[in-house]
1. List the pair-distance distribution P(r) of the chain, using every Cα-Cα distance, as the percent of pairs falling in each 10 Å bin from 0 up to the bin containing the longest distance, rounded to whole percents.
2. Summing Lys, Arg as +1 and Asp, Glu as -1, what charge do residues with Cβ under 12 Å from the Cβ of ALA124 carry, ALA124 excluded?
3. About the Cα centre of the chain, how large is the charge dipole given +1 on each Lys and Arg Cβ and -1 on each Asp and Glu Cβ? Please answer in debye to the nearest 20.
4. Quick one: which residues, 5+ away or cross-chain, put their amide H under 5 Å from the amide H of ALA36? H built at 1.01 Å from N.
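Just so it is clear, none of the values below were taken in a lab; they were calculated from the coordinates. No experiment lies behind these values; they were computed from the predicted model shown. All Cβ positions, even for glycine, are placed from backbone atoms using ideal geometry, and neighbour counts span all protein chains on display.
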Amino acid sequence: MTASFSRPVQLAAGEGIEGFHCSVEIVDSWATRHAATARARGTAVVYVSRCAGRVVGFYTLSTHSVMRSAVGGGWLARNAPSQVPAVLLGMLGVDDDFKGMGLGAALLRDAIINASKVAAIASARALVVDPADDSAAAFYTRFGFRHIGESGRMAIRL
């Protein structure tokens, strides 16, 4: 199947993500329960990509910080304050019907670009992610993310 995906755009205020299923329970649950209210609550901005009007992939960004003491050294901790400024990629999911078509990579690329804009405006050292499982960790590793100490978290320099 060939699909044409829209460029990721911010989810409209109050708009939810219905019918989305990526087979990762935490992502599916978040999309159903929190996507519509995240921005109003100040917890995340949701970016969605559509195909034929349907949300087929999404990611979220929010400001964040990482405890320097939890980093274990390296570029993220070097000359950094006790709370290292970062951007959190809280969720990223591709609907099961559209996996394997490059949408995940396109969403991640867009997230990195947007996080870099935040870093340029408000200063952030890294884009941080908490991979849901080993498969997600392998995905992020392919794009240059590295583990942060022993935390299970991963980051890429902005």
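1. Using 10 Å bins, I get a P(r) of 11, 40, 35, 12, 2 for the chain.
2. Net local charge, ALA124 excluded: +3.
3. On the way: 16 positive and 12 negative charges, 156 e Å.
Rounded to the nearest 20 debye, it is 740 debye.
4. Under 5 Å from the amide H of ALA36 lie the amide H atoms of ILE17, each far enough along the sequence or on another chain.
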